[in-house]
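First up is the structure itself, then whatever we jot down about it.
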Amino acid sequence: MLNIIIAATYDDMSRRAANIMTELLQEQPHCILGLATGTTPIGLYDELVRSYTDGEISFADVTTFNLDEYCGLPQDHPQSYHHFMREHLFCRVDINLANTHVPDGMNPDVDAVCSEFEAEIYEAGGIDLQLLGIGSNGHIGFNEPGYVFPNNTHCVQLTQSTIKANSRLFNSINDVPTEAYTAGIGTIMRARRILLIANGAGKAAAVAAALNGPVTPQLPASILQFHPDVTVVLDEGAAQDYFTF
Ligand code: GLP
């Protein structure tokens, strides 16, 4: 079931999505969270840090799994997702870093990285809530448009459109890695609950097609229509094509 929430602004989107996660953390302090990177969730992480600072939630017993990581970027590279998570969340709350998992982009042994990541999720008991952003081409995690829905964690070649979109965060487009490890569509769909957030008109077409269009690997986020428990929080920009699709 898709539950759509339309927020007035980016801050409102961030607050509403953070409230959903805060409630989960209060009800299930030992929960397993699937986390996302990108510009979109920065405000949500700020809200979670505020709730933690105000004593409303603790991450002491939380375990996390991040969706993806660039191949070949050291953990301390400013654009690595390891670095992002420490900067925006992990180093600002009481989480035990040993309970955080981000695919090891520096390990070239694809089979080892991917099978270990899936095994760790399984052993933890599965993901209670998976946070997702969406690429403007409809990608989730780094599952790019293609001809199949990849099941498990795997290594992907990034599309030119994603490399171009993400180059805004690098010194030059040539510095953007061309490969990444990503949780698969199956990995994402096995989460018990999904929370997708999107803001800005640049995401409107992908959001409308994902929620209202045909389910197709050409638009990976469309698979979410088949998940039993999805909440989508959009700002007005990202929602602008939703009702007219
Ligand atoms: C990135 C990430 C995704 C993210 C998406 C959107 O490439 N791999 O997990 O959801 O693209 O990013 P942003 O939030 O910066 O628009």
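Side notes on the structure shown:
- GLN28-ASN3 pseudo-label distance in nm [points 7 Å out on the Cα-to-Cβ vector]: 1.3 nm
- Value of [θ]222 nm, deg cm²/dmol, for the chain, DSSP H segments ≥ 4, -39500 (n - 2.57) each, nearest 500: -9500 deg cm²/dmol
- Cα pair count fraction exceeding 22 Å, expressed as % - segment 51-136: 31 percent
- Residue among ALA124, GLY135, ASN107 farthest towards the positive dipole end of segment 84-165, charges placed on Cβ: GLY135
- Entry for the chain at q = 0.12 Å⁻¹: log10 I(q)/I(0) = -0.63, Debye formula applied to identical alpha-carbon scatterers, no solvent contribution.
- Estimated FRET transfer efficiency when R0 is 35 angstrom, pair GLU123-ASP76 (beta carbons, to 0.05): 0.80
- In this structure, the amide hydrogen of PHE142, modeled 1.01 Å from its nitrogen in the peptide plane, lies closer than 5 angstrom to those of ALA183, counting only residues at least 5 positions away or on a different chain.
- Cα centre as origin, Lys/Arg/Asp/Glu Cβ charges: the chain dipole, Debye: 620 debye
- A simple count of charges around ASP46, restricted to other residues whose Cβ falls under 15 Å of its Cβ and scoring Lys, Arg +1 and Asp, Glu -1, yields -1.
- Taking every alpha-carbon pair under 8 Å whose residues sit at least 6 apart, the chain reaches a relative contact order of 25 percent.
- Among residues other than HIS88 with Cβ under 13 Å from its Cβ, the summed charge is 0 (Lys and Arg +1, Asp and Glu -1).
- Linear extension gain, ASP11 paired with PHE245, 0.36 nm per residue minus alpha-carbon span: 81.7 nm
- Share, in percent, of DSSP beta bridges within segment 91-242 that are antiparallel, nearest 5: 35 percent
- Cα lying deepest toward the dipole's positive end in the chain, options LEU73, ILE5, ALA36, charges on Cβ: ILE5
- Charge tally in the Cβ shell below 11 Å around THR182, where Lys, Arg are +1 and Asp, Glu are -1, THR182 excluded: -4
- The slack in the chain from GLN157 to GLU56, taken as 0.36 nm per residue of separation less the alpha-carbon distance, amounts to 32.3 nm.
- Segment 69-87 and segment 1-59: distance between their alpha carbon centers, rounded to Å: 22 Å
Quick note: the coordinates plus some simple rules give every number you see, no bench work behind them. Predicted model, so just to flag it, every value in this text is computed and none were measured. Note: ideal-geometry Cβ built from the backbone for every residue, glycine included; neighbour counts use all protein chains shown.
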